[in-house]
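Before any comments, here is the structure.
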Amino acid sequence: RTVQLADGTLVELSAQTAIAVDYNGQERHVRLLKGQAFFAVKHDAARPFEVIARDARIADIGTAFDVRLGSDAGSVAVAEGIVDLRYPPHGVSQRLKAGQWTRFSWTGDTDSGREPVGRVAAWRQGQLVVHDRPGAEVVDQLRPYFGGAIILASDAFATRRVTGVYNLRDPAKALEALASARSGVTVRRITPW
């Protein structure tokens, strides 16, 4: 769903995503409560725009960017322009430019890299693109798109690293593709729900 905020900023909300908007005369704050959102910010130098994801603060410097709030970590990826990321509890302070991303765990670990700008927020085109991520994280990213419960019963699979492109429009097939890439891993449907 796409929402236009009062200042003209566009926010695309992913599945099972919630935000809270707090604008006043001098500042614009959006709190990402759950899920993932893409922000195309209407720049206003007199009123800074900031996204808050738990204790992380992502400040816009005229840009479009993606923010994900997961159970173990958050992430920011920049499609255009620049953002400043601050995560004070763990001393993280970074300036990210177009094509750069950072993942920050709630325990303080960070991971950064680059990706083609066209792959930032690929979920907007119905794709989940992952590179060398733990299986449990990939399953967590599929959960909002699946109509039932997903139980990961293999600790060994949870820590295995995964690379691939998965179809978010058919999460059941995405789970099957994820499992088929690893020997000994199967998907079992217990009920039709």
Just to confirm a number: summing +1 for Lys and Arg and -1 for Asp and Glu over residues other than LEU32 whose beta-carbon lies under 9 angstrom from that of LEU32, what do you get?
+4
Among ILE58, ILE151, ILE19, which one shows the biggest mean-square fluctuation in a GNM of the chain, springs joining Cα atoms closer than 10 Å?
ILE151
Taking the alpha-carbon centre of each part, the distance from region 33-81 to region 172-193 in Å is 33
Return one number: the angle in degrees, 0 to 90 and rounded to the nearest 10, between the long axis of the Cα atoms of helix 171-180 and the longest principal axis of the Cα atoms of the chain.
60
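Nearest 0.05, what FRET efficiency do ILE190 and THR163 give at R0 = 25 Å with Cβ-Cβ as r?
0.30
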Residue with peak Gaussian network fluctuation, the chain [Cα springs, cutoff 10 Å], from GLU137, GLU80, GLU27
GLU27
Would you mind getting me the FRET efficiency between VAL3 and GLN125? Use the beta-carbon distance for r and R0 = 22 Å, nearest 0.05.
0.75
What's the extension gain from ALA15 to ARG47 if we count 0.36 nm per residue and subtract their Cα-Cα distance?
8.6 nm
With a 10 Å cut-off between alpha carbons and a GNM built on the chain, which of GLY70, GLY62, GLY118 moves the most?
GLY118
For GLN26 paired with ASP170, estimate the spin-label separation in nm (one decimal), with each label point 7 Å from Cα along the Cα-to-Cβ line.
5.4
For the chain, the accessible surface attributable to carbon and sulfur atoms (probe 1.4 angstrom, ligands and nucleic acids excluded) amounts in percent to 49
Packing-based order for 28-41, 155-168, using average beta carbon neighbours within 10 Å, highest first:
28-41, 155-168
Principal axes of the chain: Cα extent on each, largest first, Å:
56, 33, 28
Between Rg and the Kirkwood Rh of region 114-159, both from Cα atoms, what is the Rg to Rh ratio?
1.02
With +1 at each Lys and Arg Cβ and -1 at each Asp and Glu Cβ, the charge dipole magnitude of region 82-139 around its Cα centre, to the nearest 20 debye, comes out at 240
Based on Cβ point charges of +1 for Lys and Arg and -1 for Asp and Glu, what charge dipole magnitude is obtained for the chain about its Cα centre, in debye rounded to the nearest 20?
440
For region 75-193, what does the accessible surface come to per residue with a 1.4 Å probe? Please give it in Å².
57
Taking amide H positions as placed 1.01 Å from N in the peptide plane, with prolines and chain starts having none, which residues 5 or more places from LEU168, or on another chain, fall under 5 Å of its amide H?
GLN127, LEU128
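The values are calculated or read from the model by the stated rules, or taken from the named source; none is laboratory data. Computed from a predicted structure; not experimentally measured. Reconstructed Cβ throughout: ideal geometry from the backbone, glycine too, with neighbour counts over all protein chains shown. Only protein heavy atoms, including side chains, enter the accessible area calculation; ligands, DNA and RNA are left aside. Shrake-Rupley method; radii C 1.70, N 1.55, O 1.52, S 1.80 Å.
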